[in-house]
């Protein structure tokens, strides 16, 4: 929806709601941030908030999606010739730069997640989706189960980096960068191991899928060969490296 000046009113309202929520979260515990508080801080009615968001958690999701977009929009084209680890390092440091104005809010949200397993589990789902985009930004796109496992691994690694970042008072973030470098090395090793496992289990997967393929063989509705190939590639995946690039 736009007004007479062409301004996207819905987008502005969403931005105001997210900003109000993050501002309140910087000042108090997550459980103490109410929808009425968000309405009061944003200058909007509860009805307007409900029109854009279902819950407080959906506001968190919107905030994370906004950070994702900002990271993706700011990808440095000069890093195209760097190896995957260096690209991921740059992408995730850019993410921390964008999160810096919200450090107090993230600290309070982190404390709340430590007390609430259900919140922690929900936040993990958001982090996993987000890190899949960060992997794509670094040139690592793996479909299917392999991609999900890699995104989960990077989400766990980045969570450790965020904890170091929250305690890092050095403006140069030397400790944070050291932890990020260490976690990316570990993630690269894990991804390489995962690829080896996928390669070893590929024959078993083919055997398990064979009976189903045989039953579908006479059907005119069988999937085209290229579709089956795409599905298989989702299992084989790729590790954190490009062809002819030193693995992480």
Subtract the Cα-Cα distance of residue 174 and residue 189 from 0.36 nm times their separation in residues, and report this length gain in nm to one decimal. 3.1 nm
For segment 1-127, what does the alpha-carbon gyration tensor say about shape, rounded, prolate or oblate, given a ≥ b ≥ c as the root eigenvalues, a/c under 1.5 as rounded, and a/b over b/c as prolate? oblate
Rank-order 168-179, 86-97 by packing density, defined as the average count of other C-beta atoms within 10 Å over each peptide's residues, highest first. 86-97, 168-179
Tell me, what is the FRET efficiency for residue 152 and residue 55 to the nearest 0.05, using R0 = 30 angstrom and their Cβ-Cβ distance as r? 0.80
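No lab work stands behind these numbers, since they all come straight from the coordinates. Just so we're clear, the structure is a prediction, and the values are computed from it rather than from any experiment. Because the Cβ atoms are built from the backbone with ideal geometry, glycine has one as well, and the counts that use them run over all protein chains shown.
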